[in-house]
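Where a number appears in this text, it was derived from the coordinates with a stated rule and is not lab data. None of these values were measured; they are calculated from a predicted model. Note that each Cβ is placed from the backbone with ideal geometry, even for glycine, and that neighbours are counted across all protein chains shown.
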Amino acid sequence: MARRSPLIAVCGTSKDEPRAVREAEEVGALLAEAGAIVVCGGGHGVMAGVARGVRARGGICIGVLPGVDPDAANDDITIALPTGLGEQRNAVIAQCCRAMIAIGGGHGTLSEIGFALRLGKPVCGLHTWDVRRSGDDVPDPALHRVDSPADAVEWVLAQL
């Protein structure tokens, strides 16, 4: 039986925040070089950055879109999956991946982190949310924090 490439989710802000987009592009390139398939929300910001990095290294990036139009995906998405699920597509992204890297982000990113942690998936945070359990003063150690794209990719791949 052939071994499948690991499916790694990358989530983050849909805004064009230069640092987050640069980090996402580097993460995408490193994941593609490692033979991973990347899944993201298919839109702008971090999603466009990671897709650009993946494409630059000849990899595959799947965009799980909130709407029904596959043409709404950014230009570097390899496979566009229109779901019509709106923000609930975040649960699909978390369910289908083996691990997740969160970069920056807003409430949508926070929901993806939450879904992935609830499902027991390894989640790495790069300049993203601090997640704390009710009553705890320290961040939840289930969200592994790193300071560089290379550290994020190395940690996630070591979890597989």
Proxy exposure order for Thr13, Thr109 (fewest C-beta within 10 Å first) is Thr13, Thr109
Footprinting proxy, Cys40, Cys124, Cys96: sorted fewest to most Cβ within 10 Å, the residues are Cys96, Cys124, Cys40
Within the range 82-117, the residues whose backbone N lies under 14 Å from a label point placed 7 Å from the Cα of Leu160 along the Cα-to-Cβ direction are 97-101
Site Val138, offset 7 angstrom along Cα→Cβ, radius 20 Å on amide nitrogen, limited to the range 91-132, gives 123-132
Mean separation of Cα contacts under 8 Å (at least 6 apart) over the residue count of the chain, i.e. the relative contact order in percent, is 22
At the level of C-alpha centres, the distance separating the range 79-111 and the range 1-71, in angstrom, is 11
Here, trypsin sites (Lys or Arg not before Pro) of the range 4-105 satisfying both criteria (DSSP loop; at most 11 other Cβ within 10 Å) are Arg4
With DSSP loop assignment and no more than 13 other C-beta atoms within 10 Å, the trypsin sites (Lys or Arg not before Pro) in the range 113-144 are Arg132, Arg133
If R0 = 30 Å, then Arg118 and Glu33, at their Cβ-Cβ distance, give a FRET efficiency to the nearest 0.05 of 0.50
Read-out Rg and Dmax of the Cα atoms in Å, candidates (1) 15.9, 52; (2) 14.2, 47; (3) 21.7, 70; calculated match is (2)
